[in-house]
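Read the structure below first, then the notes.
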Amino acid sequence: MADEHKDIDAVTGTATTGHDWDGIRELNTPLPRWWLWTFYITIVWAIGYWVVYPAWPLLTGSTEGVTAWHARSAVVTDLAELKTQRGPMMDKLSSAALSEIAGSPQLLDFARAQGRVAFADNCAPCHGAGGGGTKGYPNLNDDDWLWGGKLDDIVQTLRFGIRSGHDKARQGNMPPFAGVIKPNEISAVADFARSLSGLPPEKGADLALGKKVFADNCAVCHGPEGKGNRELGSPNLTDKIWLYGSDKATIEQGILNGRGGVMPNWEGRLSEPVIKALAVYVYTFGGGEK
Amino acid sequence: MTALEELAKSAEVHPPRIAAARAAEKAYEAEVGDDGPLYAAPKRIYPQSVRGRFRTIKWIVLAITLGIYYLLPFVRWDRGADAPSQAVLIDFPARRFYFFFIELWPQEIYYLTGLLILAAIGLFLMNALAGRIWCGYLCPQTVWTDLFFAIERFTEGDRREHMKRDGQPWTLEKYARKGAKHFLWLMVAWWTGGAWVLYFADAPTLVKELATGEAPFAAYLWIGILTVSTYTLAGHMREQVCLYMCPWPRIQAALTDEYALNVTYRYDRGEPRCSVKKAEQLRSSGQPAGDCVDCLQCVHVCPTGVDIRGGANLGCIQCGLCIDACDRVMEKLARPTGLIAYDTDLNIQARREGRPMVFKLIRWRTSLYAAIIAIAGGIMIFTLATRDSEGISIIHDRNPMFVRMSDGALRNAYTVRIVNKQLKSREFILSVDGIPSTLIDYVGLPPRADGRQLITVGPDQTKEVRVMVTDYSPTPPAPSTTVLFSLIDIDSGAIAQMRDHFFGP
Ligand code: SF4
Ligand code: SF4
C-alpha cells in the first residue's frame, strides 16, 4: 500500500491518497498547521466560557461562573432599567390631570402606548383586542356610553368598576320582571322598546299597551322617552346601539330575567398612572365625549 | 507507468508543470515518507522589493484606497441644522445612512442589494477582462499586506538581509528591528480600527472622545477587534488568507475563460530555460534556447510564493510583480521584456503554431456583464433620483372592523403613518376618496385656528396618527368599499397615496 501514497498529481504537485475512481484521484493536501491552532483556540475559548458563565450542571443547580449570569436576573435588571427610564414620564402621568394628558401630544402618545399594553393585558378578554366589545360587553369605540364617556367618567368606571362589589362601584341594575308583569305585557313592551329606536314593529304589536307598561314600569329608570339615565347606567333605548341585541327575543329575555353585567374595579390592581393611561387610551378609541 | 510519466509523455502538457511536479515529488519523499503529513507549516515567504509598471500601479492604488479609507470620515457635507454634517455616515441609533447627497432609510436597504449585484458583476467583469484584478490590486487583504510588507522591508531589510538575519542567533539589533516592525504594524492596525469606528459617529467628536477616554465602549471594542484582525491578517496570515480562507479564488477559477488575460509565463518563449552562456552555445549550434535564465527573480518577488512558470495557479493573486521582476532581468540582458505578461494560453498556442494572436476583450461574456452593470446601475440611479420624499402607510383597525354610531352612521378607524424624508418640517393634509359623505377625525390633533386640520411631521421623521373616517351617507355602504387616502404637502403639493378599505356590516 505504501507505494500508492507516493503518487504525485502532476498538475498540483501534491500527493494523492492513492485512491483512484475511474481515473479521478484524490489529493492528499495537508491542512496548514495554523488551522489546527484555531481549533485549539476554540477549546481554550470554551474553557474560558466555563469560567465566565454558568456552565456545568451539578446535582442541584450548576456551576455559577465568575459573572453568575442568569437569564432571569438579566430580565429583572432590564425591567428595572426600563422602569427608571420611564420613571419621569410615569410621574408626569400620575400628577397630570386627565385633560392635561389628552391635551399634550407628548403625554398623549406616552399614555396611549402604556394604555395599549395594559388594555391588551386586562381589558381585551371582555371588550376585545381593539375594544370592539361583544354581546353584553360594550363596544368602547362608539359614542354610546352607559355611565358617561368623558375622561372623568371613564376613569371612575375603571377605578371602581360596575356592580363590582366595591363601595364606590357604579350601581343600578335591570331587575327581572318575570311574575311582575304579564307575558302579553312583556311582549308588548318589547315591541314598544324596539319602536323607540325606529325598528319596525312586528305584525299585530300592541304598541299602546307597550307604551302604558313602559310608563308604569320602565320609565323610572329609562326615562319617560326612553333616553336612559347615566346615573343608573340605564341605556338609551332610542339610539341604534343595543348592548345585548335588538331582536325581540333578546329584549324579552332581558325584561324577564333582568340584566346586570359586571365590570371589575381596577383600583388596587393597577397603578394610578396605568389606570389614567387606560382611561386616555379608551377615550381615544374615538367615542370619547368632550 | 505512473500517471506522471503518462502525462509527461503526452505531448501538449506544460513542461514546467511536470518539472515542478517532479521536484515536489522528490521533496515530498525526502520529507515525509509514506503516510503523508496531516498538517504542514506554511513556508515563510520573504518577498523581494521590485520596481516597475505594476509596482507603481499598486503603490498608486494603495495610496488612493487607503487614503479614502482613513480620511473619508473627516469629509464634511452640509445638510442643515437637523442632520449630521458628515459626508459618509452610518448612523445606527437614528437608523440612517448618509452618503454625500444621498440619505437612506432602513426600508431602502434594497439599494444594498443593488450595490451587491453591482459589486458581484463588477468582479465578474474584471475577471473576464484581466483575471484577478481585484486580488492583485484592490482587495483590502492585498492592500494592507502590501503596506505591511513595505514596513517589514523598512525595518528588517529586503529579502536577502531579512532571510539572513532570521537564520542568525538573536542579537540586540534583531530584537530592535523585529520590535520596531511589530510596533509599526500595530500602529497601522490600530489606525485601521480607529478609522473604522469613525464611519459610525461624527468623526471629529469621536476622535476627541477617544482621546479623552469618553467614547462609548463599543468604539474601543471595535477598534480592538480591527486592530487584532488587521495585525493578524496583514502581518501574519498574509497569503494564507488567499490560499485557505478566501472563497474568491475558487469562484474566479470557475468563472475565467480562455480569452481572459491572466499573468502568464510565456513558455513558448522562455523554454527551455538555460543560462546566458548555455543559450549562446545552444543557439550557435542551431538548437532552441529559451529566454528564461532561471534566475528565480519572479518567484522571489511573489507575495504568495508562487512560481508562475508552472502555469496558472490558484495561489497566484495576479499582482503583476513577477512581470516587473522579469522585465528588469530582461532589460539587463538586453532581451525584449514581457516574458511574463498579461496574456492567454490561446496566444501561446497561436504563437507556437505561427498563427496571429487574438485579444478579445469584447465578447458575449464581457458584454453581458457590462449590460447587467449598466441596467442595475441605471435602475438604481433612476429610482434614487425619482424616489419620493414623503410616504404614507395605513393599517385598518382589526377589532372592531367598523363601529356603528348611536345615530346609525358607520365609522372605520385607521392608523396612518406619515413619512417625511426631507430635512425640514412639513405640513400635510389628509383626504379620503371613495365614499360619498365622509368626515375625518384625528385623535389628539386639534384643528388649527383657521379650522384646517394639518398634520405636522418633523424633519426626517415619521408620525403616526389615528384617523377615524365616518360615513354619513343614508344608504348603507357595501360590506367593503375601496377608499383612497391622499396625503398632500400643503407647500409643494407633493402627493402620496395609498388604498385601503372601508368596511360595513
Ligand atoms: S484571494 Fe481573496 S483575500 Fe486574497 S486577494 Fe483575492 S479576494 Fe483578496
Ligand atoms: S505569480 Fe506573479 S502575479 Fe502571481 S502572485 Fe506571484 S508575483 Fe503576483
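The values are calculated or read from the model by the stated rules, or taken from the named source; none is laboratory data. What you are looking at is a predicted structure, and each value in this text was computed from that prediction instead of being measured. All Cβ positions, even for glycine, are placed from backbone atoms using ideal geometry, and neighbour counts span all protein chains on display. In case anyone asks, the SASA skips ligands and DNA or RNA and just uses the protein heavy atoms, side chains included. Shrake-Rupley method; radii C 1.70, N 1.55, O 1.52, S 1.80 Å.
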Q. Which one of the conditions (1) among the polar types (S, T, N, Q); (2) closer than 17 Å to residue B:268 by Cβ; (3) within 16 Å of ligand 1 (Cβ to nearest atom) does residue B:318 fail to meet, given that it meets all the rest?
A. (2)
Q | Selected residue (only one of B:57, B:133, B:121, B:109 is open to solvent by 30 Å² or more (accessible area, probe 1.4 Å) and away from ligand 2 (no atom under 16 Å from the Cβ)) | A | B:109
Q: Could you tell me whether any residue of segment B:297-308 is more than 9 Å from ligand 2 (Cβ to nearest atom) and acidic (Asp, Glu)?
A: no
Q | Residues of segment B:430-463 satisfying the condition of being farther than 23 Å from residue B:410 by Cα and either modelled with pLDDT of 80 or more or small (Gly, Ala, Ser) (or both) | A | B:449, B:451, B:454, B:455, B:456, B:457, B:458, B:459, B:460, B:461, B:462, B:463
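A quick yes/no check of all residues on (1) away from ligand 2 (no atom under 16 Å from the Cβ); (2) at pLDDT 95 or above; (3) under 30 Å from residue B:77 (Cα atoms); (4) within 14 Å of chain A (Cβ to nearest Cβ):
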site	(1), (2), (3), (4)
B:176	yes, yes, no, no
B:180	yes, yes, no, no
B:183	yes, yes, no, no
B:218	yes, no, yes, no
B:224	yes, yes, yes, no
B:239	no, no, no, yes
Q. Exactly one of (1) outside any loop (DSSP other than H, G, I, E, B); (2) open to solvent by less than 20 Å² (accessible area, probe 1.4 Å) is unmet by residue B:440. Its number?
A. (2)
**Q.** Output for segment B:309-323, where each listed residue is within 8 Å of ligand 2 (Cβ to nearest atom) and crowded, with 18+ Cβ neighbours inside 10 Å
**A.** B:313, B:316, B:317, B:318, B:319, B:320, B:321, B:322, B:323
Q) Quick one: which helices (runs of 4 or more DSSP H) sit completely within segment A:204-288 and have at least 3 residues that are in contact with an Asp or Glu (Cβ under 8 Å, 6 or more places away or on another chain) and open to solvent by less than 60 Å² (accessible area, probe 1.4 Å)? A) A:207-213
Q.
If I filter segment B:468-491 for residues that are among the hydrophobic types (A, V, I, L, M, F, W, C), outside any loop (DSSP other than H, G, I, E, B), within 26 Å of residue A:138 (Cβ to Cβ) and modelled with pLDDT under 85, do I get at least one hit?
A. no
Q) Which condition number does residue A:75 fail, the rest of (1) within 22 Å of residue A:113 (Cβ to Cβ); (2) surrounded by fewer than 10 Cβ atoms within 10 Å (Cβ to Cβ); (3) β-branched (Val, Ile, Thr) being met? A) (2)
(Q) Out of the residues in segment A:10-34 meeting the condition of being at pLDDT 80 or above and not in a strand (DSSP E or B), tell me which one is farthest from the other protein chains (Cβ to nearest Cβ). (A) A:22
Q | First in segment A:228-256 and within 14 Å of chain B (Cβ to nearest Cβ), second anywhere and assigned to a helix (DSSP H, G or I), Cβ under 7 Å, 6 or more apart | A | A:228/A:222; A:237/A:193; A:237/A:196; A:237/A:222; A:238/A:196; A:246/A:194
